[in-house]
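Colleague: The structure's right below; bear with me while I get my questions together.
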Amino acid sequence: MLTALMPRTNRGRETMMALVFASPWFVGMAVLVVGPFFMALYYSFTDYRIMGDTQWIGLANYRELLEDDRFIKSLKNTAYFTALSIPLSLIASLAVALLVSKPFRGSTLVRTTIYLPSLFGGVFVAALASQVFSGNYGLANRLLAYVHIQGPQWLASPEWSKPTFVILGLWGVGAGMVLFLAALQSVPVHLIEAAIVDGANSLQRFWNVTLPMISPAILFQTILLLIASFQVFTLTYVLTSGGPADSTLFTVYYIYQLSFQKFDMGYASAASWVLLLFTFATTALVLLIGSRYVHYEFDGAN
């Protein structure tokens, strides 16, 4: 009977074996991603505080979010960080990629050195930032003191805390550099040569040839940075705990406070779904706008 259930062809056996080997991933996906996804949606319509009964309250959590000043401020802080960090990271990554795109002696070592810091994130970056941006003895203020500039309190200042986080976002430019390096190396040489023949200078060649050719990479990197900026958590958790004066209260950290400090899981689930919809809508808008300016070239297309 077991033999009758086995696939009769080699292709069928290969498909069956592939499904067997992939089954742990499917189980993990269902248990750790899909399941919590829909459970959070259900709990967002309930009063669920872990200890006690779960009570269905409909849209009450969502209505309360509209009047929650801290939640609205967390969205504003997240939007501020997103609006500044994405353009700055894109420009820095592309600039570095342009500088190291041409082969030179030691170019591999330079590229590796720039890329390596992006492998160390999270708590490591936070620990390093606490030493560099300390208002009293930090390296940043020591360097500013050499040119007779009084440095700010950085992380301890409501005015400077979010810009400091934007600066820290540049730590990962190495990953973007690798993406742009690959895009730059795929720019058709004949287009550059044609522009040179037409008398275009280096700036004109970059603006009219290189930039349109690497526009898919720019859009892709923008989407990655956009999603990551909505999920900023570790830096504010380790460095500032949302302060000072809620200036670094980002939405994910506020959801963490609701979930694991106040244990209001229903309200936190509603906030997480609002953030998800906000992320989805923003990403869709970027894709819609980007589709008008992104140039795709298919080699060998008819």
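Colleague: Of the labelled options (i) 77, 74, 36; (ii) 52, 49, 41; (iii) 56, 39, 37, which one gives Cα extents along the principal axes in Å as computed for this structure?
Modeller: (i)
Colleague: For labels at Trp25 and Ala145 in the simple 7 Å Cα→Cβ model, what's the distance in nm?
Modeller: Result for the modelled spin labels: 5.4 nm.
Colleague: Also, quick follow-up: Within the set of other residues whose C-beta is less than 14 Å from the C-beta of Ser101, count the net charge using Lys and Arg as +1 and Asp and Glu as -1.
Modeller: Taking every Cβ under 14 Å from that of Ser101, the sum is +3.
Colleague: According to the square roots a ≥ b ≥ c of the eigenvalues of the Cα gyration tensor, what is the shape class of the stretch 224-268, taking rounded for a/c under 1.5, prolate for a/b larger than b/c otherwise, and oblate for the remainder?
Modeller: Oblate, because a/c is 1.5 or more while a/b does not exceed b/c.
Coordinate-derived values only; no laboratory data. Remember, it's a predicted structure, so these values are computed and weren't measured experimentally. Backbone-built Cβ (ideal geometry, glycine too); neighbour counts: all protein chains shown.
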